[in-house]
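Notes follow once the structure below has been shown.
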Amino acid sequence: MTTLEAVRRRAESDARTNGYYLNPDPKFLSDLIEGLKTNEDRYGYPSCPCRLAIGDFKRDRDIICPCDYRDPDVEEYGYCYCGLFIRKDIVEKNKPIESIPERRPQEKIALAHGLQKIEKPVEVVPALTAIPLKTKLKMWYCKQC
């Protein structure tokens, strides 16, 4: 199993190599690193924690961190979809990181959600911002459990 520290070092190294910074918010960065580690433990590869992976390396290849969409996102918006990698000017000016449009093709998103075809575009919200942290979810349990 990969350690959190190994995942963090890999992300830091990739950021340095490509002239990016990691998200400066320690809690948010920690959540992203934990998500990458969880996905790596689960699937054997660090798929983006803000996207739903299928669990098939070939089908998920485009969302293995750093994903295929990172560089175009950073170039256009200053940071990637999940907010892990950030351009220098965004960090230096302390600009807020906001949601950006999903670049992943709708067909791949649909497959990840178990759909065979798309009737209408799938609305995608980054996983880490989909549910406010203070929201309490009602849990249902089987009476046998």
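The values are calculated or read from the model by the stated rules, or taken from the named source; none is laboratory data. Quick caveat: nothing in here was measured; it's all calculated off a predicted structure. All Cβ positions, even for glycine, are placed from backbone atoms using ideal geometry, and neighbour counts span all protein chains on display. Heavy atoms of the whole protein, side chains included, go into the accessibility calculation; ligands, DNA and RNA do not. Shrake-Rupley method; radii C 1.70, N 1.55, O 1.52, S 1.80 Å.
Laid out as a table, the results:
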item	result
Residue in region 7-14 that is over 16 Å from the mean Cα position of the chain (by Cα) and modelled with pLDDT of 95 or more present	yes
Residues of region 76-118 satisfying the condition of being polar (S, T, N, Q), under 22 Å from A11 (Cα atoms) and either over 14 Å from the mean Cα position of the chain (by Cα) or crowded, with 18+ Cβ neighbours inside 10 Å (or both)	N94
Pairs where the first residue, in region 16-43, is among the β-branched types (V, I, T) and the second is modelled with pLDDT under 95 and buried (at least 18 other Cβ atoms within 10 Å of the Cβ), C-beta under 8 Å, 6+ apart	T38/P49
Residues being among the polar types (S, T, N, Q), touching a Pro at 6+ places or on another chain (Cβ under 8 Å) and open to solvent by 20 Å² or more (accessible area, probe 1.4 Å) - total across region 19-51	1
Region 52-68 - residue that is open to solvent by 20 Å² or more (accessible area, probe 1.4 Å), charged (D, E, K, R) and at pLDDT 95 or above and, of those, nearest to G114 (Cα to Cα)	R61
Test: residue in region 104-112 that is among the small types (G, A, S), touching a strand residue (DSSP E or B) at 6+ places or on another chain (Cβ under 7 Å) and over 21 Å from V7 (Cα atoms)	no
